[in-house]
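Following: one structure in structure tokens, then a few remarks.
None of the figures in this text is laboratory data; all of them are computed from the coordinates on show. If you're wondering where the values come from, they're calculated on a predicted model, not measured in any experiment. Please note: Cβ atoms are built from the backbone with ideal geometry, for glycine as well, and neighbour counts cover all protein chains shown.
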Amino acid sequence: MKRISVCVDVQTQHVRDLILACLAEDKTFEPSLGSAPAGAQLYIREVGGRLQEALAELAELRAHYPNLEIALTSAASDSSTLLCCMDAGIRYFLPQPVHPKDIRAVLRRYLDRQSSEAPPPKRALVIGVIGAKGGVGATTLAVNLALAYQQNLPEGGVLLLDANIPHGDAGLFLDLTPQLDLATIVADISRLDTVLLESAMASHSSGLRYLATVRQYEDLPLSTPESMSHVLSLAQGMFEVIVIDLGTYYGRVTMKFLELADVFLLVTEPALSCLHNAASFTGYASQRSPGLAEKILVILNRVHDRAPYSIADMEKAIGRPFYWRLPNDYQTAGTAKEIGQPVVLGAPKSRLATAIRELAQSLLPQPGSGKRKRGLFGLRLFNRD
Ligand SMILES: Nc1ncnc2c1ncn2[C@@H]1O[C@H](COP(=O)(O)OP(=O)(O)O)[C@@H](O)[C@H]1O
Ligand SMILES: [Mg+2]
């Protein structure tokens, strides 16, 4: 049986002892003491006089760990304190003096909630797409990949998240101009839930959902690694696949997405400056951690016969093989953009669309890989008839 880890952060000794004694009655719980609830599922925290400060701190914690449940204990248990706690998303409150029956009731309510929340949330396959520089085809790839998956899934199966901040133009490729964007929904992160998230998305006729990037310069501070990881974590429970267009934005938010993604496609062209940027980013990621670098798959876009370098030379320059090569298909790609009909939909038989569908297929988790992604195994994006 998997035990539930509980972090107990309570200074008043007799309150702490009572809580630990109640937790010890049920072997489901695995208590630990401390003020760092990373990895815990339930965090029991005592709050003294500075309630607002503590709630702000806890809101930040919840943004970091959206699945963490928090129980507060405090000597102040007047109605305004309780309302503030509820407003901050704190579901459990233990007024002091604390009685064992109240602690047991909170623990029982927590367990009931966990069991009633079945089935477990979907964990979407998350694919980041970034360009080695502007204009290399990152958005073309992100949009068409998302559509390739959506074509094989029920309506609303795939989210295209535009995180090319603030110049995302994926909506243009789909002929969509949503009213709301990422900034609207992270403006008050504590209120963000799946309903609000869904309301900010636009629906494409293919069934794809699209969430626009933070578009206003004054909203840029709203896009933080914490707020974006909260959005992603919520969205992962709602979709089978999430494709994120990061444009050429290399910053803290991108590094967070790299950490959270299953795969990260780094798009380059056969040009020296792009290859240089690709090599320096993969080099930086390896320095941070080999796990991060392994997620990066370099895609060579616009492959053509007259490329100035051989594939072998380009691979030597970036220090790794290209994961996939996409043909140069100027006519098809250009027309697609002009008419707002991406190649996978408008020119499905073109070499470019075929190569993108095959790439999409290859990124799906393989049976037996241990990376279970609900509903994605066995998906055939490629018509083999
Ligand atoms: N494989 C390709 N062949 C020909 N043209 C392409 C290809 N991929 C992208 N393009 C074109 O390159 C231009 C830039 O593409 P875009 O996806 O907007 O790049 P980015 O998002 O990296 O800035 C667009 O006009 C697009 O039609
Ligand atoms: Mg782009």
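Between Arg108 and Asp313, 0.36 nm times their residue separation minus their Cα-Cα distance comes to what?
67.5 nm
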(request) Would you please classify the overall shape of segment 125-363 from the alpha carbon gyration tensor, given that a ≥ b ≥ c denote the square roots of the eigenvalues, rounded means a/c under 1.5, and beyond that prolate means a/b larger than b/c while oblate covers the rest? (result) oblate
(message) Output wanted: per-residue J couplings in Hz (rounded whole) for segment 129-134, from phi through Karplus 6.51 cos²θ - 1.76 cosθ + 1.60, θ = phi - 60°, x for Gly and Pro.
(response) 10, 9, x, 5, 7, x
(request) Quote to one decimal, in nm, the extra length available between Ser362 and Gln331 on full extension: 0.36 nm per residue of separation minus the C-alpha distance between them. (result) 8.6 nm
(request) Mind putting a number on the dipole of segment 222-373 about its Cα centre? Charges go on the C-beta only, +1 for Lys and Arg and -1 for Asp and Glu, and I need it in Debye to the nearest 20. (result) 180 debye
(request) Run the dipole for the chain about the Cα centre, Lys and Arg Cβ at +1, Asp and Glu Cβ at -1, nothing else charged, and hand back the magnitude in debye, nearest 20. (result) 1160 debye
(message) At R0 = 35 Å, how high is the FRET efficiency between Ser205 and Val263 if r is their beta carbon distance? Nearest 0.05 is fine.
(response) 0.85
(request) Determine the alpha carbon to alpha carbon distance for each of Lys316/Lys349; Lys316/Lys337; Lys256/Lys349; Lys27/Lys256; Lys133/Lys295; Lys133/Lys316 and list only those over 28 Å. (result) Lys316/Lys349; Lys316/Lys337; Lys256/Lys349; Lys27/Lys256
(message) I'd like the Karplus ³J(HN,Hα) series for segment 192-198: coefficients 6.51, -1.76, 1.60, θ = phi - 60°, whole numbers in Hz, and an x wherever there's a Gly or Pro.
(response) 6, 9, 4, 5, 5, 4, 5
(message) Using a 10 Å cut-off around each Cβ, can you sort Met201, Met238 from fewest to most neighbouring Cβ atoms?
(response) Met238, Met201
(request) Quote the FRET efficiency, to the nearest 0.05, computed for Glu338 versus Arg306 with a Förster distance R0 of 22 Å and r equal to the Cβ-Cβ distance. (result) 0.35
(message) Per-residue counts of other Cβ atoms within 10 Å, averaged by peptide: what ranking do you get for 335-346, 309-320, highest first?
(response) 335-346, 309-320
(message) Could you work out how much longer the chain between Ala75 and Arg288 gets when fully extended? Use 0.36 nm per residue separation minus the Cα distance between them, nm to one decimal.
(response) 72.2 nm
(request) Determine the relative contact order of the chain: mean sequence separation of Cα pairs under 8 Å and six or more apart, normalised by residue count, in whole percent. (result) 16 percent
(request) Beta carbons within 10 angstrom, averaged per residue: use that to sort the peptides 289-295, 59-65, highest first. (result) 59-65, 289-295
(request) Rounded to whole Hz and in sequence order, give me ³J(HN,Hα) for segment 136-152 from the Karplus expression 6.51 cos²θ - 1.76 cosθ + 1.60, θ = phi - 60°, writing x for Gly and Pro. (result) 8, x, 4, 5, 3, 5, 4, 4, 6, 4, 4, 5, 4, 5, 4, 4, 10
